Amino acid sequence: MKPKYFGFPVAFIFVAILPARAMDLSEQLSIGGILAAGGQCQSISARLPSADDGMPLDIFDNECRGGMPIQLEISYRPNEAHEFFANLGFAAANGLNQVSPWNLAPWAVDLEDDVKDINGRNRDYLLTAWYKYTHPFEDGNTLGASVGIIDATDYIDGNQYANDEFTQFMNEAFVNSGSYNLGSYDTGAALEWGYGKWTLTGLGMNIGENDDGDNYNFWGVEVGYHPQTALGAGNYRFTLTGTSSRFLDPVGEQQKSLFSYGLSFDQAFGEVVGAFLRVSQQQEDAAVDYNSLYSGGLNLDGSGWNRDDDNIGIGYAYLDGGNRNIDQSQVIEAYYRAVLDKHVAITADIQYMQDELLKAGPGQEDPKGWIFGLRLTAEF
C-alpha cells in the first residue's frame, strides 16, 4: 500500500539532484519549467465527528502528506511577432488538499488528480497550448492576440506579491481571488492591449464542465494601471468576470450565471517593503461558497538583512460566506523563502485556517487549526 506521505522524501531528493538550468535549444526554441516538492502537516484543534456521534461524516486526522508537481514549458518564437507555446503539468500525490477539513486548499498547485481528465475533456497533462501574435504600433502601444488552450490566470487577477503558489504563498486564498471563478486549461482566446502605464485585457473561454457536470462559457475583462513612482513600482487592477447560465441555484432547481468584480493592488515602498490588497465580490444567484474576499499583506525583501534574493511574505484573508454551508473563512499565512542558488529555493511556511459553518453536525465544532509546510523548488 502506498504510504500517505508518498512523494515527500523522494521528491526532495529528486529536486536536490535536478540539474536546474534552462535549455535554449536555439534563438527561436526554448524549454524550461519548474519542479516543486512540498510537504505539509495539519494540526486540527476542533472536535470532529466520531463513530459515537452516529454521523456518516468524514473523519479528518492530524497527519502529514506531500506532493510533487512539475510543469514543463516549450516556447517557439520564429520572430518577435509570433509565439507558439505549450505547458505540460505532471504530479505525484495530492498532498493535504483532499484530506484537510477546510474548504480552501492548503497548497494551490495542480497535483496528481488535477492534471488528469482536465475539465472533463478526457485530456491529461496538457495544461495550455496556444499561439500568440503581437503587433506593435508606432505610438508605443501594442496589441497581442492569443488563441488555443489558455489559462485565465495568465491574463487577469495578477499580483506582484500574491500570485504564485510555487514561489510565494501556498494557500489558495492568496493565489487568485476565488470570487472570480477563473477558468483554466481550456479553449479560448485573449486580447491584450498595452499603452504606457495602462493595460486592457479581455478573454473568453469554453470550459468542458463545472462541478455540476455542465459545459459553460467564461469571460473576463481587466483594466490595469502600472505606475512607477518615487515610492516604487505599483500595479492597480480592476477585474470583471462572468459565465453563461449553467450553474445550479442554491436549491438546485434552476441554472444561473456567475458574475464577479474586484480590485487587486500591489505597491512597493522602497527597496525592502511591498504590500498587496485584494477585494472581490460576486453575485449569489447561483450556489457559491463565498460572497466576497478581502486579503492583504506584506512582502519583505531580503536586502534588508543582506540576503538579497530571499523574502518573507505575510498575509491575512477573510472570505464572507455565500449561500451554501459556510458562514466565513479566515486564513493567516507567513513564509520565509531562502534562495540556495539562482535556480533552487526552499520555503518554510505556516498557516492558520478557520471555517465557520452554518450547519455543524451534533457534537461537531468548526474546523480550525495549523498547517506547517516545507517546499523546495527548482526552476530550470
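Below, the figures for the structure above:
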{"read-out": "Among (1) at pLDDT below 95; (2) buried (at least 17 other Cβ atoms within 10 Å of the Cβ), the one test that Thr229 misses", "value": "(2)"}
{"read-out": "Region 185-206 - residue that is free of Cβ contacts under 8 Å to residues at least 24 places away in the same chain and under 18 Å from Ala129 (Cβ atoms) and, of those, surrounded by the most Cβ atoms within 10 Å (Cβ to Cβ)", "value": "Gly204"}
{"read-out": "Of all residues in region 34-51 being at pLDDT 95 or above and touching an Asp or Glu at 6+ places or on another chain (Cβ under 9 Å), the one that is surrounded by the most Cβ atoms within 10 Å (Cβ to Cβ)", "value": "Gly38"}
{"read-out": "Breaking point among (1) touching a residue at least 60 places away in the same chain (Cβ under 8 Å); (2) on the phi < 0 side of the Ramachandran plot, for Asn141", "value": "(1)"}
{"read-out": "Any hit, region 175-187, residues being farther than 30 Å from Gln351 by Cα, of a type in the set (S, T, N, Q) and modelled with pLDDT of 95 or more", "value": "yes"}
{"read-out": "Subset of region 251-263 [part of a loop (DSSP other than H, G, I, E, B) and either in contact with a helix residue (DSSP H, G or I) (Cβ under 8 Å, 6 or more places away or on another chain) or more than 24 Å from Asn176 (Cβ to Cβ) (or both)]", "value": "Val251, Gly252, Glu253, Gln254"}
{"read-out": "From Asp320, Asp327, Asp285, residue being touching a Lys or Arg at 6+ places or on another chain (Cβ under 6 Å), among the charged types (D, E, K, R) and surrounded by fewer than 18 Cβ atoms within 10 Å (Cβ to Cβ)", "value": "Asp285"}
{"read-out": "Residue count, region 188-212 (criterion: among the aromatic types (Phe, Trp, Tyr) and at pLDDT 95 or above)", "value": "2"}
{"read-out": "Where a residue in region 234-249 is closer than 24 Å to Ser264 by Cα and its partner, wherever it lies, is of a type in the set (A, V, I, L, M) and assigned to a loop (DSSP other than H, G, I, E, B), with Cβ under 8 Å and at least six apart", "value": "Arg237/Ile156; Thr239/Ile156; Thr241/Ile156; Thr241/Leu182; Thr241/Leu258; Gly242/Leu258; Thr243/Leu258"}
{"read-out": "Exclusive hit being in a loop (DSSP other than H, G, I, E, B), modelled with pLDDT of 95 or more and surrounded by fewer than 18 Cβ atoms within 10 Å (Cβ to Cβ), set Asp139, Asp124", "value": "Asp124"}
{"read-out": "Selection status of Ala105, part of a loop (DSSP other than H, G, I, E, B), in contact with an Asp or Glu (Cβ under 9 Å, 6 or more places away or on another chain) and crowded, with 18+ Cβ neighbours inside 10 Å", "value": "yes"}
{"read-out": "Tally of residues being part of a loop (DSSP other than H, G, I, E, B) and either polar (S, T, N, Q) or in contact (Cβ under 8 Å) with a residue 40 or more places away in the chain (or both) across region 109-121", "value": "4"}
{"read-out": "Residue under evaluation Asp211, criteria (1) over 29 Å from Gln351 (Cβ atoms); (2) surrounded by fewer than 18 Cβ atoms within 10 Å (Cβ to Cβ); (3) among the charged types (D, E, K, R), criterion not met", "value": "(1)"}
{"read-out": "Check on Ser264, crowded, with 20+ Cβ neighbours inside 10 Å, over 27 Å from Thr201 (Cβ atoms), in contact with a Leu (Cβ under 8 Å, 6 or more places away or on another chain) and not β-branched (Val, Ile, Thr)", "value": "no"}
{"read-out": "Of residues in region 68-95 being modelled with pLDDT of 95 or more and part of a loop (DSSP other than H, G, I, E, B), the one farthest from the chain's Cα centre (by Cα)", "value": "Ala81"}
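Listed here are the residues, each with its yes/no results for (1) part of a helix (DSSP H, G or I); (2) among the polar types (S, T, N, Q); (3) under 30 Å from Ser329 (Cβ atoms).
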position: His135; (1), (2), (3): no, no, no
position: Ile156; (1), (2), (3): no, no, yes
position: Phe166; (1), (2), (3): no, no, yes
position: Asn176; (1), (2), (3): no, yes, yes
position: Glu192; (1), (2), (3): no, no, no
position: Gly202; (1), (2), (3): no, no, no
position: Met205; (1), (2), (3): no, no, yes
position: Asp211; (1), (2), (3): no, no, yes
position: Asp214; (1), (2), (3): no, no, yes
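The values are calculated or read from the model by the stated rules, or taken from the named source; none is laboratory data. All of these numbers come straight from a predicted model, not from anything done at the bench. Every residue, glycine as well, gets a Cβ built from its backbone with ideal geometry; the counts of neighbours run over all protein chains shown.
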